[in-house]
């Protein structure tokens, strides 16, 4: 059994007693956080595989009564966000993106510039990082299955 780390954003409007509801539904392996009043759960879930970890977490959140969800690893990130996620400096990620480090070409941005930062598809970057030996297998697995949710 492995431990998988992933983030699920709860976009529901009715958030009464959210902490108690989530705990009682089985989300005791997640940290409840907020960004601009939007709750999200940082999971460290043990499971046989990443798909099972994410699927059971979503089921538990549904059991708590919340249905408008987004798995963060299925989306887009800036280089700074990705650097923070994998524990390297932003300059390291910039050097990867400029193909100054690494054996193969870094993925191209998916969207244009927003707030002076390009947006990259996390799954593409996770593939590259894993091939380069810079990303743990469990994090790679989460990136591969997160897009299905």
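Can you name the residue in the stretch 4-21 that is in contact with a strand residue (DSSP E or B) (Cβ under 7 Å, 6 or more places away or on another chain) and within 24 Å of residue 147 (Cβ to Cβ) and is also surrounded by the most Cβ atoms within 10 Å (Cβ to Cβ) among such residues? Working first, answer last.
We begin by selecting, within the stretch 4-21, every residue in contact with a strand residue (DSSP E or B) (Cβ under 7 Å, 6 or more places away or on another chain); these are 4-11, 15, 18-19.
When the remaining residues are screened for being within 24 Å of residue 147 (Cβ to Cβ), the result is 4-11.
On the way: 4: 22, 5: 16, 6: 26, 7: 18, 8: 24, 9: 16, 10: 20, 11: 12.
My answer is 6.
Among the residues in the stretch 94-112, are any assigned by TED's automatic domain parsing to the domain that holds residue 138 and over 26 Å from residue 133 (Cβ atoms)? Walk me through how you get there before you give the answer.
First pass over the stretch 94-112, keeping only residues assigned by TED's automatic domain parsing to the domain that holds residue 138: 94-112.
Keeping just the survivors that are over 26 Å from residue 133 (Cβ atoms) gives 111-112.
Yes, because at least one residue in the stretch 94-112 is assigned by TED's automatic domain parsing to the domain that holds residue 138 and over 26 Å from residue 133 (Cβ atoms).
On the stretch given as the stretch 25-70, residues that are crowded, with 19+ Cβ neighbours inside 10 Å and assigned to a helix (DSSP H, G or I) total 6.
Taking the options 19, 73, name whichever one is under 25 Å from residue 119 (Cβ atoms), at pLDDT below 95 and outside any strand (DSSP E or B).
Details: 19 fails: under 25 Å from residue 119 (Cβ atoms).
Just one listed residue meets the conditions, 73.
Taking the numbered list (1) at pLDDT 85 or above; (2) more than 19 Å from the chain's Cα centre (by Cα); (3) not in a helix (DSSP H, G or I) in turn, residue 91 passes all entries but (3). Is it the case that some residue within the stretch 26-38 is in contact (Cβ under 8 Å) with a residue 40 or more places away in the chain and under 18 Å from the mean Cα position of the chain (by Cα)? Within the stretch 26-38, not a single residue is in contact (Cβ under 8 Å) with a residue 40 or more places away in the chain and under 18 Å from the mean Cα position of the chain (by Cα). Residue count for the stretch 115-141, restricted to those that are touching a helix residue (DSSP H, G or I) at 6+ places or on another chain (Cβ under 8 Å) and in a helix (DSSP H, G or I): 13.
Could you go through the stretch 131-143 and let me know if any residue there is at pLDDT 90 or above, surrounded by 17 or more Cβ atoms within 10 Å (Cβ to Cβ), more than 20 Å from residue 51 (Cα to Cα) and within 13 Å of the chain's Cα centre (by Cα). Checked against the condition, which is being at pLDDT 90 or above, surrounded by 17 or more Cβ atoms within 10 Å (Cβ to Cβ), more than 20 Å from residue 51 (Cα to Cα) and within 13 Å of the chain's Cα centre (by Cα), the stretch 131-143 yields no hits at all.
The values are calculated or read from the model by the stated rules, or taken from the named source; none is laboratory data. Here the structure is a predicted model, which means the values were calculated and not measured. Here Cβ is always computed from backbone atoms with ideal geometry, including for glycine, and neighbour counts include all displayed protein chains.
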